[in-house]
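The structure appears below as structure tokens.
Readers should treat all values here as calculations from the given coordinates under stated rules, not as data from a laboratory. Just so it is clear, the model here is predicted, and its values are computed rather than measured. Virtual Cβ from ideal backbone geometry, glycine too; neighbours counted across all protein chains shown.
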């Protein structure tokens, strides 16, 4: 046989063997794949968060009252000015001239609402 033909036949045999091996490998890989479900197969490291409360938002009673005729009632003597964020206590330098927007029972209530005490 011609040496060129022998080389061509040998090359064709090698190509056929490679095609068969490739087909076997592809079939093996596709059969070994497991379907992806999205579920983890391990136990989570942290406990899941508790379910949201069904009772609704917690409602707190307001710690301030509206002024009556521009003055605070005797039960809530602390005068709060919402524009400045400052509250005035009885006996303070500007207490008498402050027109209250909110009235608080204690200085702690005013501070909890975001106000700061007047410096004078």
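Some notes on this structure:
- Selection within the stretch 57-74 - surrounded by 15 or more Cβ atoms within 10 Å (Cβ to Cβ) and over 37 Å from the mean Cα position of the chain (by Cα): 67, 72
- Residue match in the stretch 75-86 (condition: over 38 Å from the mean Cα position of the chain (by Cα) and farther than 19 Å from residue 120 by Cα): yes
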